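The values are calculated or read from the model by the stated rules, or taken from the named source; none is laboratory data. Remember, predicted model here, so these are calculated numbers, not experimental data. All Cβ positions, glycine included, derive from the backbone under ideal geometry; neighbour counts span all protein chains shown. Accessible surface areas use protein heavy atoms only, side chains included; no ligands, DNA or RNA. Shrake-Rupley method; radii C 1.70, N 1.55, O 1.52, S 1.80 Å.
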Amino acid sequence: MSHAKYSVINTHVHNIDGVAKVTGRATYTFDVKLPGMLYGKILRSPHPHAKIINIDTTRAMELPGVKIVVTGKDTLGIKQGIWRRYEELCDEQVLPLEKVRYIGEPVAAVAAVTEEIAEAALDLIDVEWEVLPAVYEPLEAIKKEAPTIHEGVERNVNVTRHIEWGDVDEAFEDADYIREDWFKCSGQAHMCMETRAAVSSFTPEGKLTVWASTQSAYYTQGLLAGVLGLREGDVRVLAPYVGGGFGGKFELDAAMFCSAVMSMKLFKPVKVVFSREEDFIASKRRTPMFYYVRTGIKKDGTFCARESRMFSNGGAYTGMGATALYLSGFFHSFPYKWRGYRYDGYRVYTNTLPSTSMRGFGAPQAMFCSEQQIDWICADLGLDPFEVRRKNGHTEGYEVPGQAFIASCGLEQCINEIEKWVKSKGKLPANRGIGISSCGFMSGGIFNWFDSPYSFSSAVVTINVDGTVELHVGCQDIGQGSNTTMAIIAAETLGVKVEDIRVHSGDTAHCPADLGAWGSRQTLMAGNAVKMACEDAKKQLLEFAYAEMGINIVYDLDIKDRWVHIVARPERGLPYGDLVKKALRAKDGQRIMGRGYYTPHRKGMISPAYSYMMQAVDAEVDPETGKIKIHEVMTAHDCGQPINQLGLVGQLEGAASMALGYAYLEDMPFEDGKMMNPNLVDYKVIKAPEMPEAGIIEIDTYEPEGPYGAKEAGEGLTNPTAAALGNAIYNAMGIQMKELPITPERVLKALREKKEAQK
Amino acid sequence: MINDFHYLKPASLKEALAMYAQYDDCKVICGGQSLLIVMRQGMVAPEYLLDIKHVKELSYIKFDDKDGLRIGATTTHREIEKSDVIAKKYPVLVAMEEKLASIQTRNWGTIGGNLAHADPAGDPGPVLIALNAEIKFGSSSGEKTVPLDEFFVDYFETKMEHGDLVLEVHVPAPEPKFGCAYQKFNLLDSDMGIVAAAASVTLNADGTCKDARVVLGNAGPVPLRVTKAEDLLKGKKLDDALFAEAGQIASEEAQPVADIHASEEHRRHVLGVLTKRMLKKAFEQAQKA
Ligand SMILES: Cc1cc2nc3c(=O)[nH]c(=O)nc-3n(C[C@H](O)[C@H](O)[C@H](O)COP(=O)(O)OP(=O)(O)OC[C@H]3O[C@@H](n4cnc5c(N)ncnc54)[C@H](O)[C@@H]3O)c2cc1C
């Protein structure tokens, strides 16, 4: 099945919006300019925890050019959150009424005729505060005597999550060796090239149009309607181009909310664009986590049981944190078979920037701990880390008890390929090592806490009289190339070329609802919807072709490369363009339209399918300064049938740069609740000259649930890297890195400790 | 946000100096790579900007076997990096430039602007001091040349007064047995240095050390010469033990300030390591020369 000959799938297709982007024609929210548009700026809290006693906007209103100043009192005061079906998790007023809970939290917003005036007006807003004691670390915030961040939330515990299967205690008893470790995983900024931005325009008809930098126009529409007291249908969200999301852009943000609130009061368009500093201090971030991991194993390398406790720094609000809490615990078991597994996660509120989903969704943290500990156990017992991973790894047909069914799995081939690659490198020079790490990831979460129980996707396809195709999808292109991937699937299914497809996305008024771009759901879920819609339209065309060609019913017809033909006699047929013209000519105006949708049913708790991978990182340590140099990254990857060849390479390289950044560069240090490096000089991301080679070995598998056998590719690739680097350093220097990021100072400290222990 | 300002574009050096003398609240802009950052942060908001980028008289690289190297103030980092004669005679300068920021920044940023900005983390300062360079600056009322070593006064402060422009950097011709090396420590190769060390070594015909210089970057308010370490080496036959000792001295003499990128302790430690390594590298070059 997986060896079917495709005309478009997995061929060299350039991003369909590439030309628009590189020639500067793509209109991002940042570029939107409407007649009479005002510019908004947001006043932010200087305190990590404080009561708002009074806000006096008089002086700001008097500044010439200022049109409005709003505070929480000018809003409906609705507490919102993305987990809309769970009231207690809707805990965030974008403009709070009573108190602020982190430095940078919005307090008021101004709209003025220029950005400069709006900015100047912020200094004229007088806020009277009552500063409250604050707490910044989860292990402090969970103590009895810690300040209360949300009234009624005991010990600041926001959400807990328990995952368990098998008889854990009994499985531990069977173990010959038990190891336990503590790990500390840092936060990370999404660092989208386009900062949070929105332009809202409310008109006297009572309709609101919002251009937003969002991962899900559908969520943005629903969330905005909810907090503004509008009908969802009266809110149109447009997101034609989005400059990156990485998990940070599907909640309601202050750019969207404040611009909309002010536009509704003024009946004028209002634009709010976060500065880079605002994006750092007041969006959300990857969840910092403390992990305790206890693992039991037999002498021969068979895994028995694992027990983990995790405390995460939730920051001030829930965001997507509840999902990250679950997924971290689930993927912490990956990609292995445990007889007994138990995870307890605690998400704890603190007076810091809220944490949320970010590429990998809790898994990179989980894998940093798990995959390093496995290597250390192998060293403790004299076992081969490849062999142990092969022995315990998931296989096709395996069921993660009560959680998931694994229908396709190329893990073993991934391990074999990376083992070959590592061995081919031979003996390395001193202070240099290669570390490995394996993992898996979901192809779209099957959960939905927003407004329906289903995680759905949908698509509509229309065939024009000239054979060109309008494809309307709800899935959101955020730079990851989903529009191209959908065009490829549509072209393959309809039997036309990619340039025949025009993809319409990012517009709630014209595109069908879809949960959008998160949780690696689009290729599988939206891809299935697109495939179904195209099959529907194609069937209508082929019905006409049967009539037209008058062939025997035993023959099947198909379309490939714009040629409608008998499958058994491919030379007999007619051009696709002719068929479309004929099929449409006699109609009364009905269009040839196909509808498609996808919702996973009975696919476990997490996802209908899982990608697998093993990664190797080749790194070198300067033993005197602790500086790390990354030589190369190699990944063996099972994403089922690759759909978008170039997109896949782009995802791999982007993930490697982001995950390496997480491993040894990117950090968000806070002092008294204040982020210390909210700029791109002090916040370190890998730049092009420093990017190491990142190669990929595709493992051929076929996922029955995926369109043409495809699975996730892109998000999961951020999971293995930090652990692989840690293992490389362990192999090079014999030190165990339990804290992220792996900085030179931490390396030197570990080297000193190793020396002392040897004495 | 950048304030509104009047833009002055002199066509010649003379005109530039005259304009600069005329306006009080006036800042010089050349490549803008440092100035625009502080202007955007609102830390500098001049009424006049004097753009000297187009003053061609100040853009040159000249070399003469006796006189040495002369670089005009508006010469860009990239021009220095790509200069054949510099690559041949002062390879350490090319190596330093190759790791100074990105190509885009090097295309705009100038040597004069870099030195005038007087960021103690700047790369050219320590290297040029190790090369025994001097700097010429002047105003409409006259010129002055001082050893670069004496040019820097404090964080972002130099000997120049209002009306002064950097005009030229002069590096003496290298002695026969001379070597010079520079390295900064950072997480990414093209970042500003967390700390840095430059060292130069001149050997006598008998192989003993005639002269040595150790200059630390970002280890105090100005590029920091460690004369105690230099004195240790002079007159001696150099070896690893001496380099290590000099490194130890550098580590003690440094005045680094901790921030999120590294603790004071780590900075001192790395300064010691870099000093040791750069001395050794410079020594090996001098031996081969
Ligand atoms: C992203 C980035 C990374 C950087 N990384 C590094 C690095 O790694 N190492 C490093 O050393 N530098 C680095 N820099 C700094 C930068 O390269 C230099 O400081 C820059 O070259 C200054 O030159 P300029 O011509 O741009 O000066 P400008 O920005 O135009 O001016 C800087 C200052 O000097 C004054 N000035 C300029 N020219 C003269 C003159 N001829 N006479 C008198 N005063 C003058 C200006 O008034 C201003 O105060 C970096 C800069 C950026 C933006």
Taking the stated definitions as given, is A:G65 out of contact with any Phe, Trp or Tyr (no Cβ under 8 Å at 6 or more places or on another chain) and closer than 27 Å to A:A322 by Cβ?
no
Being open to solvent by 20 Å² or more (accessible area, probe 1.4 Å) and of a type in the set (D, E) narrows it down to one of B:E230, B:E245, so name that one.
B:E245
If the Cβ limit is 8 Å and pairs must be 6+ apart or interchain, which residue in the stretch A:77-97 that is polar (S, T, N, Q) pairs with which residue that is assigned to a loop (DSSP other than H, G, I, E, B)?
A:Q80/A:C90; A:Q80/A:Q93; A:Q80/A:V94; A:Q80/A:L252; A:Q93/A:T75; A:Q93/A:G77; A:Q93/A:I78; A:Q93/A:K79
Anything in the stretch B:29-43 that is over 23 Å from the mean Cα position of the chain (by Cα) and within 13 Å of the ligand (Cβ to nearest atom)? List them, or say none.
B:R40, B:Q41, B:M43
In the set A:P678, A:P669, which member is surrounded by fewer than 24 Cβ atoms within 10 Å (Cβ to Cβ), within 30 Å of A:Y102 (Cα to Cα), within 12 Å of chain B (Cβ to nearest Cβ) and touching a residue at least 12 places away in the same chain (Cβ under 8 Å)?
A:P678
Can you confirm whether B:G179 is open to solvent by less than 60 Å² (accessible area, probe 1.4 Å) and in contact with a strand residue (DSSP E or B) (Cβ under 8 Å, 6 or more places away or on another chain)?
yes
Considering only the stretch A:170-178, I want to know if a residue exists there that is farther than 16 Å from A:D344 by Cα, part of a helix (DSSP H, G or I), without any contact (Cβ under 8 Å) to a residue 24 or more places away in the chain and out of contact with any Leu (no Cβ under 8 Å at 6 or more places or on another chain).
yes
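Which is part of a helix (DSSP H, G or I), small (G, A, S) and either buried (at least 19 other Cβ atoms within 10 Å of the Cβ) or away from chain B (no Cβ under 12 Å) (or both), of A:S607, A:S657?
Criteria check complete, one pass: A:S657.
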Filtering the stretch B:248-280 down to residues that are away from every other protein chain (no Cβ under 14 Å), in contact (Cβ under 8 Å) with a residue 24 or more places away in the chain and charged (D, E, K, R) yields B:E253
Within the stretch A:525-548, how many residues turn out to be open to solvent by 50 Å² or more (accessible area, probe 1.4 Å), among the hydrophobic types (A, V, I, L, M, F, W, C) and over 13 Å from A:I592 (Cβ atoms)?
2
Give the residues of the stretch A:253-268 that are surrounded by 24 or more Cβ atoms within 10 Å (Cβ to Cβ) and either in the same structural domain as A:S657 (by TED's automatic domain parsing) or in a loop (DSSP other than H, G, I, E, B) (or both), sorted by residue number.
A:D253
Might you let me know whether the stretch A:692-708 holds any residue that is surrounded by fewer than 22 Cβ atoms within 10 Å (Cβ to Cβ) and within 14 Å of chain B (Cβ to nearest Cβ)?
yes
Any idea how many residues of the stretch B:15-28 are surrounded by fewer than 21 Cβ atoms within 10 Å (Cβ to Cβ) and within 6 Å of the ligand (Cβ to nearest atom)?
1
If A:E499 satisfies all but one of (1) out of contact with any strand residue (DSSP E or B) (no Cβ under 9 Å at 6 or more places or on another chain); (2) surrounded by 24 or more Cβ atoms within 10 Å (Cβ to Cβ); (3) of a type outside the set (S, T, Y), what's the number of the condition it fails?
(2)
Tell me which of these A:A750 doesn't satisfy, since it passes every other one: (1) more than 30 Å from A:S283 (Cα to Cα); (2) in a helix (DSSP H, G or I); (3) open to solvent by 20 Å² or more (accessible area, probe 1.4 Å).
(3)
Tell me the helices (runs of 4 or more DSSP H) entirely within the stretch B:73-166 that contain at least 3 residues that are of a type outside the set (S, T, Y) and within 11 Å of the ligand (Cβ to nearest atom).
B:77-81, B:91-98, B:103-108, B:111-117, B:124-130
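Results for (1) under 21 Å from B:T145 (Cα atoms); (2) open to solvent by 20 Å² or more (accessible area, probe 1.4 Å); (3) modelled with pLDDT of 95 or more, shown as yes or no for each residue.
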| site | (1), (2), (3) |
| --- | --- |
| B:G31 | no, no, yes |
| B:K53 | no, yes, yes |
| B:Y60 | yes, yes, yes |
| B:F63 | yes, yes, yes |
| B:T74 | yes, no, yes |
| B:E79 | no, yes, yes |
| B:D84 | no, yes, yes |
